[in-house]
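The values are calculated or read from the model by the stated rules, or taken from the named source; none is laboratory data. Everything quoted here is computed from the prediction, not taken from an experiment. Counting neighbours? That spans all protein chains shown, and the Cβs are built from the backbone with ideal geometry, glycine included. Note: areas computed on protein heavy atoms with side chains; ligands, DNA, RNA excluded. Shrake-Rupley method; radii C 1.70, N 1.55, O 1.52, S 1.80 Å.
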Amino acid sequence: MISSTFFIEVIVSILLLVSYFVFFFIKYRKQPGFLSSLLWGIGGFFVANAIYNVVLIAITSVLGEERLISLIEGSDIAFVILTTFALAVGASFAVIFVSKMQKKRGTFIEGNTEEVTGMAMGAGLITPPFGQSMMINASLMYFVTLFINGFVINQSPTLEELGENFTQEMWNELVASFQAIKFLDVFYLAVITLIMAFSYIILYKLIERVFSDKPTWMKFLVPTMMMWSFLFLASMINVLTVASFVKLILALVLGGLLFYGNKVINDRGVKVDVIDPQ
């Protein structure tokens, strides 16, 4: 039987991720350009994901598929380094591209666009469309699936009820995977996923407020390195062989630093040049 603690964690995790969207919707729904910023952010996610795949393909071409597989299988750190680098490059490219398009079309609203567009762009980590993979592999649907499977397990169904293609071996593996879940394993995944999604908002603000008047190469390179470092640290927490309680504390510390960085950027005020549409 799956304990009630597990279900409480799953429900709290689902509510936490849903609240992320609710918060920004309530805060900005009446602000001008809300829907436009939201749609641009969704488009930005697909751009970021496309660049992410291109970077991984380029890395594979340079290193060679066999050497890359050997490198990844031999080191968790190597896998994290490569994937977070690809994520950071894709995210920075998408922010610069989307913000430029927004300004050209006159849909860039000072003080609003960065948070709404950045939220929608990073929300791809929480609700990845079309089953696209992510670094932590803990989307909103992942938690919903956990809840449903846990509920089914507690009902002790027969193999006939599960379907003709479901074998005893598959059932045993499913039950064993849930029995291996420890206290705070689920909630930690929700927290770290939320923190990584929020980092896209900070990246958008960083590029548009702090580096807006810098040369293009600096506007891209420096934020990318900063985003890469953050995503690397967040992902490395996930591969540590320590209790989830410790991981949760580390994630909250990292999240605290992120929120502090957000405050510092906000204190600078809005400082962007909006291009009037021709």
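Each Cα pair under 8 Å and six or more residues apart adds its separation to the average, and for the chain the resulting relative contact order is 30 percent. Here region 159-278 has 64 percent of its accessible surface on carbon and sulfur atoms, given a 1.4 Å probe and all protein chains in place.
Pairs of Cα atoms nearer than 8 Å and 6+ residues apart set the relative contact order; for region 154-278 it is 35 percent.
Build a GNM of the chain with springs between Cα atoms under 10 Å apart, and of Leu189, Leu231, Leu221 the one that fluctuates most is Leu221. In this label model, Met225 and Phe46 are separated by 3.4 nm, measuring between points 7 Å along each Cα→Cβ vector. Fully extending the segment from Asn165 to Leu35, taken as 0.36 nm per residue of separation minus the present Cα-Cα distance, adds 42.4 nm. From its DSSP helices (H runs of at least four residues, each -39,500 (n - 2.57)), the chain gives a residue-normalised ellipticity at 222 nm of -25000 deg cm²/dmol. Remark: the chain carries 53 Å² of accessible area per residue (probe radius 1.4 Å; ligands, DNA and RNA excluded). In this structure, the residue pairs whose Cα-Cα separation is over 18 Å, taken from Lys182/Lys247; Lys214/Lys263; Lys103/Lys263; Lys30/Lys263; Lys104/Lys263, are Lys214/Lys263; Lys103/Lys263; Lys30/Lys263; Lys104/Lys263.
Net charge dipole, the chain: roughly 1420 debye, given to the nearest 20, about the Cα centre with Cβ charges of +1 for Lys and Arg and -1 for Asp and Glu. Using the average count of surrounding beta-carbon atoms within 10 Å as a protection proxy, the listed peptides 195-205, 150-160 rank, highest first, as 195-205, 150-160.
Just to be sure I understand the rule: take each whole DSSP H helix in the chain, project its Cα atoms onto its long axis, keep it if the span is 24 Å or more and its mean Kyte-Doolittle hydropathy is at least 0.0. Which ones pass? Span-like helices, by this rule, are 4-28, 34-63, 76-104, 185-205, 216-239, 244-268. Rounded to the nearest 20, the Cβ-based charge dipole of region 167-233 about its Cα centre (Lys and Arg +1, Asp and Glu -1) stands at 440 debye.
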